[in-house]
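> My structure is below; once you've seen it, I'll send some questions.
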């Protein structure tokens with residue numbers, strides 16, 4: 001069970017397609033098939049279901065998680081040695097569902113440390129814990145709870161979520177609205193799995209209702225523009241609301257105590273964080289979210 005075989009297994013597990021994995025790895029498909037067969041023979045159990053298209057089975061998912069953590073530890077060790085011997089501050093790698101919220105602290109951090117490399121990876125919340133434990137990223141920011149076993153977390157922001165409507169909408173003059181009153185309203189929402197969509201679905205499901213979604217996508221920055229154009233209504237966080245022109249939409253409070261967003265920063269409890277990652281973490285944690293700055297980013301120390 002060599003490292004190359006394990007790395008190849010992870011690609012096949014991610015793509016669940018031998019020929020696509022072989023193309024990505026630039027190896028012959030028969031050779032890749034033999035590698036997977038050898039792993040299964042050594043483990044004495046199949047890792048994939050082969051009825052129809054290739055699918056990672058429960059045993060394969062279990063093995064994948066251990067392989068990711070093992071290879072992640074090796075990569076973390078390599079990075080730690082490189083930092084120690086080169087005297088560099090390393091790289092800061094941040095994963096988030098959206099980066100619009102982090103423009104302020106990221107800009108301040110980069111201006112203060114222009115030589116530090118920052119990598120941003122848009123990631124669904126469902127994948128964050130696994131990517132942290134695999135050392136694939138240093139920090140994750142999520143607007144919905146993620147598995148916290150083996151992770152440390154710091155709440156960053158708790159904010160209200162507003163209903164945004166076109167200015168000529170019948171509800172536009174209201175100061176507040178209930179979820180029941182929104183039944184049948186055309187909603188512009190994010191795709192399934194995104195915190196924005198999960199919140200909408202959860203608010204309606206708690207009242208035995210289903211939202212009417214007329215536009216679904218992941219470009220949250222476009223939601224206000226689509227609402228302004230009269231295509232529907234939508235939920236918008238307070239932080240985002242303050243960045244839109246006052247004449248872009250009507251903003252109405254939602255009469256539901258759970259119509260809020262809690263933004264949390266996560267990192268692996270035992271993960272090695274480079275000086276750059278620690279500096280970015282401290283900058284984000286110390287950011288004044290209400291005023292948006294000014295803020296002096298945390299100093300980077302070895």
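The values are calculated or read from the model by the stated rules, or taken from the named source; none is laboratory data. This is a predicted model, so every value here is computed, not measured. Neighbour counts are summed over all protein chains in view; Cβ atoms, including those assigned to glycine, are modelled from backbone coordinates with ideal geometry.
> Within the range 248-270, restricting attention to residues that are farther than 27 Å from residue 237 by Cα and surrounded by fewer than 20 Cβ atoms within 10 Å (Cβ to Cβ), which residue is nearest to the chain's Cα centre (by Cα)? If you could, list the steps in order and put the result at the bottom.
Of the range 248-270, the ones farther than 27 Å from residue 237 by Cα are 268-270.
Next, from what is left, pick out any that are surrounded by fewer than 20 Cβ atoms within 10 Å (Cβ to Cβ): 269-270.
Details: 269: 18, 270: 20 Å.
So, considering only residues that are farther than 27 Å from residue 237 by Cα and surrounded by fewer than 20 Cβ atoms within 10 Å (Cβ to Cβ), the one nearest to the chain's Cα centre (by Cα) is 269.
> Now for a separate question. Of the residues 231, 209, 199, only one is over 30 Å from residue 76 (Cα atoms), at pLDDT 95 or above and either in contact with a strand residue (DSSP E or B) (Cβ under 8 Å, 6 or more places away or on another chain) or not in a strand (DSSP E or B) (or both); which?
Details: 231 fails: at pLDDT 95 or above; 199 fails: at pLDDT 95 or above.
Result: 209 is the single residue among 231, 209, 199 that is over 30 Å from residue 76 (Cα atoms), at pLDDT 95 or above and either in contact with a strand residue (DSSP E or B) (Cβ under 8 Å, 6 or more places away or on another chain) or not in a strand (DSSP E or B) (or both).
> If the requirement is being closer than 27 Å to residue 282 by Cβ and assigned to a strand (DSSP E or B), which of these qualifies: 158, 136? Step through it out loud before you land on a result.
Values: 136 fails: assigned to a strand (DSSP E or B).
Result of the check over 158, 136: 158.
> Looking at residue 147 and the list (1) surrounded by fewer than 19 Cβ atoms within 10 Å (Cβ to Cβ); (2) free of Cβ contacts under 8 Å to residues at least 60 places away in the same chain; (3) under 11 Å from the mean Cα position of the chain (by Cα), which single condition is not satisfied?
Result: residue 147 fails condition (3) only.
Results for (1) assigned to a strand (DSSP E or B); (2) assigned by TED's automatic domain parsing to the domain that holds residue 130; (3) at pLDDT 85 or above, shown as yes or no for each residue.
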position	(1), (2), (3)
145	no, yes, no
167	no, yes, yes
226	no, yes, yes
253	yes, yes, yes
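> Evaluate the range 91-110: report whether one residue or more is modelled with pLDDT under 95, more than 23 Å from residue 286 (Cβ to Cβ) and in a loop (DSSP other than H, G, I, E, B).
no
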